[in-house]
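One structure below.
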Amino acid sequence: MSENLLDKVTSESGQAIALCYQCRKCSAGCPMVEEFDFPPNMVMRMVQLGMKDELLKSKAIWMCVSCETCGSRCPNEIRIAPVMDALRAQCLNEGITPADPVTVALHTSFIESIKTFGRVHEATMLMTYKWKSKNFTSDLDVGLKLFLKGKIPIMPKKSKNMAKIKEIFQEAGK
Amino acid sequence: MGKTFSYYPGCTSHSTAIEYIEASLAVIAALGIELKELPDWCCCGAASAHNLSSSLALGLSAFNVGEAHKKGSDMVIPCAGCYGNLAQADYVLRHDPKERRRLEKQLDFKYDEKIRMLSLVDLLALPELRPAIKALVRKPLQGLNVVCYYGCAIVRPAAITGVDNAENPLRIDSLMADLGAEVSDWSCKVDCCGGDLGLTDAEKTTELVNKIVDYAVAAEADCLVTSCALCQANVDIRQQRLPILYFTELMAEALQIGDRQRWWKKHFNDPSKLF
């Protein structure tokens, strides 16, 4: 149990989590709910109750795709997507092994590409992702087709002010 | 219209959404609107940065909003995902004075409340453009039954996107009707395609996409129409029943402008049989 989890997540997400009264509208409309170990309404209750360990080790926080359907329908105007962001950040900051490492591998590869070029270079980003996730064979046909259609450029394009972009990463601790 | 806007291309403008950008730029030029690409821009953080650090996501998007403020014009952002991120950063800058001061200092710009971030739907569905678009139609899309698929990023959260209706948006529907298409009502306008899940979980993405396409087929649609590069990629790649076109590709077809056949070759489900 962690008494200050509610305060911490409330302040980092900017969402009034304490207002959730379990109407379950979020879970009814969630396209990913079948993949969650705890449905969104339960995630909200667990934050209120300070169930930090269970939350930070959960699959739910990584399977949320931030479509914002839940937040859009919440009668208390609580956006759950930023709540999930706050929980994900806390999971990584505390060095807890994420329940879905493949998703983390993708996002890490993506931001590494931004850190290098200022923009995403799909070819190298996808190679980094394949390497990190150790998933070398999935969707090779899709990748090849995209390449043949001229949708995966070989040469990267760079932002000009890379010094500022590095500073943004540094400030975010990434 | 004769107005000039700043323009944020986004990373997919050179890659997975190249046909969207080419079609959009052709339509915008035909309407006499000038777009000026930002002199410098970086990735908005896409659907990744916020998962790892919300301050990184805010910083990257605010960098681009800041560049637009340096140029002093409203900015058009064709990619739905980029628009969603930049609109969120703009919302923070507009409503949170402390964050605004911090970001203005870090990114060396002065926030001007008059400057707006616009999605391409925000721009092309402007009421004052409606007569101009209708007047330019050379081949009405008669007999083409479309369903408009808005997805997430230009819709939610409504307080940030300013969408007309978060459950039943109508602006792309009206545009398509103006081009002469038959627009069907259907249930999946604002459903999620899975987003980045397309890269990590093909099976689940296919399940989400199949539900969307089932409903489109039930509405007897010939194709889906979208403004989002991620929606287009996921729905086009993960099913073989219907083509999915960008709304500006259909505008270009009705206006008979641009290199349309070359754009169609970039799709997984060939749309050429529709025309």
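Values quoted throughout were computed directly from the atomic coordinates according to the rules given, and no laboratory measurement underlies them. Just so we're clear, the structure is a prediction, and the values are computed from it rather than from any experiment. All Cβ positions, glycine included, derive from the backbone under ideal geometry; neighbour counts span all protein chains shown.
Side notes on the structure shown:
- Taking only the C-alpha atoms of chain B, the Rg (one decimal) and the largest Cα-Cα distance, Dmax (whole number), read 18.2, 55 Å.
- Note on B:Asp112 and B:Asp96: the model spin-label points, each 7 Å out from Cα along the C-beta direction, lie 2.4 nm apart.
- Trypsin sites (Lys or Arg not before Pro) within the range B:218-267, DSSP loop, no more than 16 other Cβ atoms inside 10 Å: B:Arg241, B:Lys265
- Kirkwood hydrodynamic radius of the range B:139-256, from inverse mean 1/r over distinct Cα pairs, in Å: 14.3 Å
- Normalised by the number of residues in the range A:28-174, the mean separation of alpha-carbon contacts (under 8 Å, six or more apart) gives a relative contact order of 17 percent.
- Amide hydrogen proximity for B:Cys43: with H placed 1.01 Å from N in the peptide plane, the residues at 5 or more positions away or on another chain lying under 5 Å are A:Arg119, A:Val120.
- Cα gyration tensor shape of the range B:4-121, rounded if a/c is under 1.5, else prolate or oblate by comparing a/b with b/c: oblate
- Checking the cross-link pairs A:Lys130/A:Lys166; A:Lys115/A:Lys158; B:Lys71/B:Lys110 against a 19 Å limit on the alpha carbon distance flags A:Lys130/A:Lys166 as lying beyond it.
- What you get for the range B:4-121, charging only the Cβ of Lys and Arg (+1) and of Asp and Glu (-1), is a dipole of about 460 debye around the Cα centre.
- When all alpha carbon pairs of the protein assembly as shown are counted in 20 Å bins from zero, the resulting P(r) reads 26, 60, 14, 0 %.
- Counting only other chain Cβ atoms within 10 Å of each residue's Cβ, the peptide B:150-156 averages 4.
- Note that the range B:261-271 has calculated 3J(HN,Hα) couplings of 4, 5, 5, 4, 5, 7, 8, 7, 9, 4, x Hz, one per residue in order, obtained from phi through the Karplus relation 6.51 cos²θ - 1.76 cosθ + 1.60 (θ = phi - 60°); glycine and proline are x.
- Per-bin percent of Cα-Cα distances, chain A [5 Å]: 1, 8, 14, 16, 16, 14, 13, 10, 6, 2, 0
- Selected from B:Ser272, B:Met75, A:Tyr21, residue furthest toward positive end of dipole (the protein assembly as shown; charges at beta carbon): B:Met75
- When the Cα gyration tensor is reduced to axis lengths a ≥ b ≥ c, the ratio a/c is 1.5 or higher for the range A:101-171, and with a/b not above b/c it is classed as oblate.
- With coordinates expressed along the principal axes, the C-alpha atoms belonging to the range A:21-70 extend over 25, 24, 15 Å, beginning with the largest.
- Distance violations [Cα-Cα > 32 Å] among A:Lys59/B:Lys114; A:Lys59/B:Lys266; A:Lys132/B:Lys204: A:Lys59/B:Lys114; A:Lys59/B:Lys266
- Legend: mean number of C-beta atoms from other chains within 10 angstrom of residue C-beta atoms, peptide A:109-120, equals 6.
- Rounded FRET efficiency, nearest 0.05, which uses the C-beta distance separating B:Gln261 from B:Gln142 and R0 of 25 Å: 0.80
- Rounded if a/c under 1.5, otherwise prolate or oblate - the range B:1-68, Cα gyration tensor axes: oblate
- Order of B:Glu113, A:Glu34, B:Glu182 under a 10 Å beta carbon neighbour criterion, fewest first: B:Glu113, A:Glu34, B:Glu182
- Number of partner chain Cβ atoms within 10 Å, mean per residue of A:6-13: 0
- Estimated 222 nm signal from helices in the protein assembly as shown, with DSSP H stretches of n ≥ 4 weighted -39500 (n - 2.57), rounded to 500: -14500 deg cm²/dmol
- Extending 7 Å from the Cα toward the beta-carbon at both B:Lys36 and B:Asp185 defines two label points whose distance is 4.5 nm.
- Per-q log10 I(q)/I(0), the range A:5-93, q = 0.11, 0.13, 0.19, 0.20 Å⁻¹ (Debye; single scatterer per alpha-carbon; no solvent): -0.23, -0.33, -0.75, -0.84
- Qualifying GluC sites (Glu not before Pro) for the range B:189-275 [loop in DSSP, other Cβ within 10 Å: at most 15]: B:Glu220
- The HN-Hα couplings worked out from phi for the range B:168-175 by the Karplus form 6.51 cos²θ - 1.76 cosθ + 1.60 (θ = phi - 60°) are 9, x, 10, 5, 6, 4, 5, 4 Hz, whole numbers, x standing for Gly and Pro.
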